[in-house]
Amino acid sequence: MEFYTLASSSSGNAALIRSGKTAILLDAGISARRIAQALALLGMTPEELDAILITHEHSDHVGGIATLTKKYAIPVYASRGTAHFLPQAGSALRIFEAGDAFTVGALEIQSFRTSHDAADSVDYRIDGPDGSLGALTDSGYVTDDAAKTLTGVDLLLLEANHDVGMLQSGPYPYHLKRRILGEHGHLSNDAAADFALRCVKSGTSDILLAHLSAENNTPEAAEYAVARKLQAAGCSVRLSVAPRDRLSEVHTVCRKSLSFA
Ligand SMILES: [Zn+2]
Ligand SMILES: [Zn+2]
């Protein structure tokens, strides 16, 4: 299984999971044109996508859906509350209840609830024949469902949205600072570091920090906060930051036990 981010920040998110003939887009928060361009770099076209999984209705996650579903017949999976906000997806919608599991091609998808100021936000764990990955972005804290579901995934896409100090002393108005720091907001670098350590202790070997704020964080601050925590605990894993607005490197997902076989 291969994993790439196409874009990752508060202004647009999309990622690609490829396993054999199955290809899934996780969120479509950049334009359909940019998604097609990124896929072209990987020798793919949008027609080859088997599904688009949506986490929630904010525009940095669904901005490309209207054009994508108009131009291509790609099924769009969304939780019931999120689907309500996606009329533009029309008959492409596949509605599920938050917490449901389903299958796309060779991949098993497990949804779980996050805590965010959206109608019915979820994130996903994806299990393939050779390993597992999970995503946790746009959540004010690590929900019990997230912690339970993501334990032991080989690769974790993890939000490190802001540095609390930068946010508090930065230019955002008070209500926005409260929203981001609140329990329906976003994960800070410190929260990401805590959860990263917990996951690494349960077997995660590749952590990709995601959804960084341009105003209240830097890639260096995010990576330092998490690396410091992991190093203090004597853990060494692949740790990187998803690029804001270009395709990431490939992350090959393989079960840890298999890599020693
Ligand atoms: Zn977002
Ligand atoms: Zn959001």
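Summary of computed values
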quantity: ³J(HN,Hα) computed for each position of region 207-223 - Karplus, 6.51 cos²θ - 1.76 cosθ + 1.60, integer Hz, glycine/proline x; calculated: 10, 10, 7, 9, 6, 6, 6, 6, 8, 10, 7, 9, x, 5, 5, 5, 5
quantity: Gain in span if fully extended, Arg94 to Lys71, counting 0.36 nm per residue against the direct Cα distance; calculated: 6.5 nm
quantity: Listed residue pairs exceeding 31 Å between alpha carbons, taken from Lys21/Lys148; Lys21/Lys229; Lys21/Lys256; Lys21/Lys71; Lys177/Lys256; calculated: Lys21/Lys229; Lys177/Lys256
quantity: Modelled label reach - Val237, point 7 Å along Cα→Cβ, region 169-198 residues with backbone N closer than 15 Å; calculated: 190-198
quantity: Interchain or long-range residues, amide H under 5 Å from Arg246's placed H; calculated: Ser8
quantity: Cα centre as origin, Lys/Arg/Asp/Glu Cβ charges: region 2-259 dipole, Debye; calculated: 200 debye
quantity: Sum of side-chain charges, Glu108 neighbourhood, beta-carbon under 9 Å (Lys, Arg +1; Asp, Glu -1); calculated: 0
quantity: Inter-probe distance in nm under a simple model that places probes 7 Å from Cα toward Cβ, at Phe102 and Arg179; calculated: 2.9 nm
quantity: Environment charge of Ala78, counting only residues whose C-beta is closer than 15 Å and scoring Lys/Arg +1, Asp/Glu -1; calculated: -4
quantity: Built amide H within the under 5 Å cut-off of Asn216, gap 5+; calculated: none
quantity: Amide H contacts of Val237 (H built 1.01 Å from N, under 5 Å, at least 5 apart or other chain); calculated: none
quantity: Karplus-derived 3J(HN,Hα), 6.51/-1.76/1.60, for each residue of region 89-101, Hz, glycine and proline x; calculated: 7, x, 6, 6, 5, 10, 9, 10, 8, 3, x, 5, 10
quantity: Label zone at Glu215, where the point sits 7 Å out along the Cα-to-Cβ direction: region 168-198 residues whose backbone N lies under 13 Å; calculated: 168-181
quantity: Prolate/oblate/rounded label for region 1-127 (Cα gyration tensor, a/c 1.5); calculated: rounded
quantity: Theoretical gain in end-to-end length, Asp190 to Asp130 [0.36 nm per residue, Cα-Cα removed]; calculated: 18.5 nm
quantity: For the chain: span of alpha carbons on each principal axis (Å, largest first); calculated: 52, 47, 33
quantity: Distance (nanometres) between label positions extended 7 Å along Cα→Cβ at Ala40 and Val250; calculated: 2.1 nm
quantity: Note, ³J(HN,Hα) from phi for region 30-35, Karplus 6.51, -1.76, 1.60, rounded to Hz, x at Gly and Pro; calculated: 10, 5, 4, 5, 5, 5
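Computed from the coordinates by the stated procedures, all read-outs in this text should not be read as laboratory data. Keep in mind that this is a model prediction, so the values were computed, not measured. In this analysis, Cβ positions are derived from the backbone assuming ideal geometry, glycine residues included, and neighbour counts consider all displayed protein chains.
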